[in-house]
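The values are calculated or read from the model by the stated rules, or taken from the named source; none is laboratory data. Remember, it's a predicted structure, so these values are computed and weren't measured experimentally. Here the Cβ positions follow ideal geometry from the backbone for every residue, glycine too, while neighbour counts run over all protein chains shown. The accessibility values were calculated without ligands, DNA or RNA, using every heavy atom of the protein model including side chains. Shrake-Rupley method; radii C 1.70, N 1.55, O 1.52, S 1.80 Å.
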Amino acid sequence: MPATLSCGVDSWFHTGGTHGSGSLAAATPDGRHTAAFNPNGDWAGDLGGLLEAEFCGTRAHTAAKSRALAAMTALR
């Protein structure tokens with residue numbers, strides 16, 4: 001799924017999971033910046049916030065989150 005982060009960085013990401021584990025992989029379109037996360041099932045944090053921290057270096061304000069990040073969060 002494509003997403004433009006609050007700092008203007010374009011990214012592509014994919015989420016997935018199984019019982020007790022979730023995953024998130026993301027990259028910039030040119031592939032120069034990639035990241036993968038595998039939070040435990042008891043982690044109730046903000047997956048979109050992980051992307052914002054990794055690619056923008058800051059925690060996103062709730063109002064600044066893109067529709068794509070909101071949709072991703074709804075998939076967990």
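What pairs come out if I take residues in region 15-35 that are more than 13 Å from residue 51 (Cβ to Cβ) and pair them with residues that are open to solvent by 40 Å² or more (accessible area, probe 1.4 Å) and charged (D, E, K, R) whose C-beta lies under 9 Å away, six or more apart or interchain?
Note: pairs meeting the criteria are 17/76; 20/42; 22/76; 29/10.
Of all residues being in a strand (DSSP E or B) and hydroxyl-bearing (Ser, Thr, Tyr) in region 23-37, which is least open to solvent (accessible area, probe 1.4 Å)? Just the residue, please.
Going through the qualifying residues, I end up with 23.
Could you grab me the full set of residues in region 43-76 that are modelled with pLDDT of 65 or more and among the charged types (D, E, K, R)?
The answer is 46, 52, 54.
Give region 1-13 a look and list any residue that's part of a strand (DSSP E or B) and either open to solvent by less than 70 Å² (accessible area, probe 1.4 Å) or in contact with a helix residue (DSSP H, G or I) (Cβ under 9 Å, 6 or more places away or on another chain) (or both), or say none.
Those that are part of a strand (DSSP E or B) and either open to solvent by less than 70 Å² (accessible area, probe 1.4 Å) or in contact with a helix residue (DSSP H, G or I) (Cβ under 9 Å, 6 or more places away or on another chain) (or both): 2, 3, 4, 11, 13.
Just to be sure, is residue 20 surrounded by fewer than 18 Cβ atoms within 10 Å (Cβ to Cβ), at positive phi, at pLDDT 90 or above and not aliphatic (A, V, I, L, M)? I'd like the intermediate steps shown before the answer.
On the way: surrounded by fewer than 18 Cβ atoms within 10 Å (Cβ to Cβ): yes; at positive phi: yes; at pLDDT 90 or above: no; not aliphatic (A, V, I, L, M): yes.
When the stated conditions are applied, residue 20 does not pass them.
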